[in-house]
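Participant: Below is the structure I would like to discuss, written out as structure tokens.
Throughout, read-outs are computed from the coordinates displayed, never taken from laboratory work. Every value quoted in this text rests on a predicted model; they were computed, and no experiment measured them. Positions of Cβ are generated from backbone atoms using ideal geometry, with glycine treated the same way; all protein chains shown enter the neighbour counts.
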């Protein structure tokens, strides 16, 4: 981040400096994990229910930290003391970002949506990084801690700051945008992910739209042209609106979408002010990736990237994100689609379509775990996923844990389905079943909310490596 003294930081966050060190300069990273502290770092200490990070402050100083931001003084350690270190981190991030804006040259791109945020953010960051120095959210650190943490990675040389922003209620995105007001706001979709916290799909749409409301008149809202609830957000912004999608009125548009090898797709890309459309061969699997790529292309086009460079970047997306549409082949000729990072009904349906596209005529096996945070839609959401799996002709459907059992109920309701299904108690049981049943040329999809199928994906990968 920009170099600041501890005295300057105390003034910015409204804190009181204890232990001296007013002139100590923070010129390194801001870290809340003491193991990552290096020379010139600011260590942020949180006092949790089980662990009080203030106890690690002396070690952080020994490792080169310039000082500490915490909620109580630490004897012998320069500490900026505040009531709420998390809130103070947001104030610090906003102040640093304001200074970067004053210096000129930085563009803040913020993304939100019910599903696909992280993958799309990673595509945007990959494209922009080829156009200028880029800092982006790592993984899905998209909350009130991850957002300022990412902002504070930016420095005077940063041209693009790409922020994934998540919300679990109305007002959450508004707060994140107070920390990092966007210049470009991207909204992917509105679905039922986390609906237990929003109460309704309408509540989700209301919350996601806070991102475009945060734009000033000079900002740009990049909206998914193929999602009606997202389209409607155009009325909620004073900024310019760019539609991206397959709809006929989209300014950034894909036409002639065709299936390629290994579940990937190609299309013809049209962007505004482009003399001619350009062909794209997407470097990531899944039909849903076309929409994600179009939103990313819109952002890249706004940044001034040439359409040919955008197309080339979209074709070079291997190794983009862990546990997200990661297609790999094992030594025994089994193909695995590791999409296990997280799951909701929409993303699982997309992954099932990708399974069909990758498999072609090969045997299709779907290992599906519980989808969390669906509230009153929990049973219906799982049954819907099972129905889709059956209608797509999945040959073997494996539900992991009793919570995921309604997936099998949904599949069984499709009378024409010729596949079979099994409920296993846990991930270890799923791995044992796959070891016993997998045959050469099988294609396996692994999908579930957060850690609920990670062990399955890891076992499939480690056996490929001979471990």
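Participant: Give the order of 451, 32, 149 when sorted by the count of other beta carbons within 10 angstrom, beginning with the fewest.
Facilitator: Least crowded to most crowded, the residues run 451, 32, 149.
Participant: Where does each of 397-403, 160-166 land if you order them by average Cβ count within 10 Å, highest first?
Facilitator: So the order, starting with the most tightly packed, is 160-166, 397-403.
Participant: At 222 nm, what helix-only mean residue ellipticity would the chain give, in deg cm²/dmol to the nearest 500, using -39500 (n - 2.57) for each DSSP H run of four or more?
Facilitator: So the calculated ellipticity at 222 nm is -10000 deg cm²/dmol.
Participant: Moving on to the next point. Taking the Cβ of each residue in 91, 439, 188 as the centre, tally the other Cβ atoms inside 10 Å and list the residues starting with the fewest.
Facilitator: By the 10 Å Cβ count, ascending: 439, 91, 188.
Participant: Determine, for 408, 320, the number of other Cβ atoms within 10 Å of each Cβ, and report the residues in order from fewest to most.
Facilitator: 320, 408
Participant: Please figure out what share of the DSSP beta bridges in region 105-314 is antiparallel and state it in percent, rounded to the nearest 5.
Facilitator: Around 30 percent antiparallel, to the nearest 5.
Participant: Under 1.5 on a/c is rounded, so check that first for region 4-83, then, if it is not, pick prolate when a/b is larger than b/c and oblate when it is not; a ≥ b ≥ c are the square roots of the alpha carbon gyration tensor eigenvalues.
Facilitator: oblate
Participant: Shape verdict for region 65-118, please, from the Cα gyration tensor: rounded (a/c under 1.5), prolate (a/b greater than b/c) or oblate.
Facilitator: Judged from the Cα gyration tensor, region 65-118 comes out oblate (a/c at least 1.5, b/c at or above a/b).
Participant: If you don't mind, there's one more thing I want to ask. Can you tell me what share of the DSSP beta bridges in region 326-464 is antiparallel? A percent to the nearest 5 is fine.
Facilitator: In region 326-464, approximately 20 percent of DSSP beta bridges are antiparallel ones.
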